[in-house]
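Working notes, beginning with the structure itself.
The values are calculated or read from the model by the stated rules, or taken from the named source; none is laboratory data. Since this is a predicted model, take the numbers as computed values, not measurements. Here the Cβ is made from the backbone with ideal geometry for all residues, glycine too, and neighbour counts use every protein chain on show.
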Amino acid sequence: MDCCDEFGGVKKRVFISLVTHRQFALAAELLNDLREHCSGDIAEVILTINIDEAVSLKQEILPFPVRVLRNFQPKGFGENHNAAFKIATGDYFCVLNPDIRLKENPFPALIALARQTAVGVVAPRIVNSAGLREDSARRFPTPFELLRKALGGKSEVVTDAPEVSAPDWVAGMFMLFPASVFRAMGGFDERYFLYYEDVDLCARLALAGYKRLVCPDVAVVHEARRSSHRRLRFAVMHVRSILRFFFSDVYRKVRKLSQS
C-alpha cells in the first residue's frame, strides 16, 4: 500500500530533474505532458536554467510544484542533476531531457520494476517522432566498437523484446533511480562535464551488483535536435569523455566483470 501524505492523499513518489540550455520552449511542452499524464506520481520538478533565458511558468495550472534554479555560469550534466538531487523529496529520482515527450504515464510501470530487488536504474523504450526505436540501451562501449562506428558502423543496440531487457547502460535522456540507490552511488561523476556520465554511472551500478533495466511496456518520444553533434566544441568534449572513461578504473573493472 502506498504511504499517504499529511493531506490524506496518496504520496507522490517521483522527483524530476530537468535541465535546459536555452530550451525552455521544449521544457514547457514536457511540463504540460507531465501535467496531462503523470500528475498523480510527481512530487516535484526541479527546472535548472543552465544558460540564461526567459522563463514563463504558469504554476497555477500545474498540479505539482516546479522549483526553478538558475546557474550564473553553465554547469555540466552530472553537476546539475546532482545539485537537484540534494533537494529531492521523492522516493524515486528521474533525470529527464527537455526534448522528451510523453503520450502516456510511464511511471507506474517503471516504478514496479524499480521496486524489485537490486535494481539500480530503469528506463522506458525510447522512440523517435516516427515511432522507430532509438539506440538508448546498449552494451558497454569498447575502443574497437568506437573505431567501427567511426568507420561507418553502428552501435551494438539491445534488441526489442516483449520482456524486460537488461542492457549494460541506458542513456541519460530518461533514467529513473530509486533515490536510495542514487544516493548510495554518489550520483553522477562530475568530472564528466558532458557525455558518458550515464555510461560511467551504469558501469558503477554494475560493479555494485545493481541491474539496469528497460521496460518494454511503455515508450516515450525523443524529439532530438542533435545540433551539438555538428559543433567542434561538443565533439572535443565527447572525445575527452570517452578517453576519461576508457582510462578509468571503472572501465577496467567493468570489462573484467563482463569477461568473468
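For every residue, the table says whether it meets (1) over 16 Å from the mean Cα position of the chain (by Cα); (2) free of Cβ contacts under 8 Å to residues at least 12 places away in the same chain.
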| position | (1), (2) |
| --- | --- |
| Leu47 | no, no |
| Gln59 | yes, yes |
| Phe64 | yes, no |
| Gln73 | yes, yes |
| Gly78 | no, no |
| Phe85 | no, no |
| Cys94 | no, no |
| Ile100 | no, no |
| Pro106 | no, no |
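Suppose we filter Glu223, Glu197 for residues that are surrounded by 14 or more Cβ atoms within 10 Å (Cβ to Cβ), under 17 Å from the mean Cα position of the chain (by Cα) and at pLDDT below 95; which single one remains?
Unique residue meeting the criteria: Glu223.
One line per residue, one yes/no per condition, for (1) of a type in the set (Val, Ile, Thr); (2) in a loop (DSSP other than H, G, I, E, B); (3) over 19 Å from Val170 (Cα atoms):
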| position | (1), (2), (3) |
| --- | --- |
| Arg67 | no, no, yes |
| Ala83 | no, no, yes |
| Phe93 | no, no, no |
| Pro98 | no, yes, no |
| Glu104 | no, yes, yes |
| Leu110 | no, no, no |
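Each row is one residue, and each column tells you yes or no for (1) in contact with a Gly (Cβ under 6 Å, 6 or more places away or on another chain); (2) under 26 Å from Asn50 (Cα atoms); (3) crowded, with 22+ Cβ neighbours inside 10 Å; (4) modelled with pLDDT of 95 or more.
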{"residue": "Leu132", "(1), (2), (3), (4)": "no, no, no, no"}
{"residue": "Leu147", "(1), (2), (3), (4)": "no, no, no, no"}
{"residue": "Gly153", "(1), (2), (3), (4)": "no, no, no, no"}
{"residue": "Thr159", "(1), (2), (3), (4)": "no, no, no, no"}
{"residue": "Pro162", "(1), (2), (3), (4)": "no, no, no, no"}
{"residue": "Pro167", "(1), (2), (3), (4)": "no, no, no, no"}
{"residue": "Gly172", "(1), (2), (3), (4)": "no, yes, yes, yes"}
{"residue": "Pro178", "(1), (2), (3), (4)": "no, yes, no, yes"}
{"residue": "Leu207", "(1), (2), (3), (4)": "no, no, no, yes"}
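Annotation note: of Val122, Val127, the sole residue that is in contact (Cβ under 8 Å) with a residue 60 or more places away in the chain and surrounded by 21 or more Cβ atoms within 10 Å (Cβ to Cβ) is Val122.
Return yes when Ile111 is at pLDDT 95 or above, touching a Lys or Arg at 6+ places or on another chain (Cβ under 7 Å), over 21 Å from Gly186 (Cβ atoms) and buried (at least 17 other Cβ atoms within 10 Å of the Cβ) and no when it is not. Criteria met by Ile111.
Residue-by-condition table, conditions (1) under 27 Å from Tyr192 (Cβ atoms); (2) modelled with pLDDT of 95 or more; (3) surrounded by 15 or more Cβ atoms within 10 Å (Cβ to Cβ); (4) of a type in the set (Gly, Ala, Ser):
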| residue | (1), (2), (3), (4) |
| --- | --- |
| Leu47 | yes, yes, yes, no |
| Leu62 | no, no, yes, no |
| Gly90 | yes, no, yes, yes |
| Cys94 | yes, yes, yes, no |
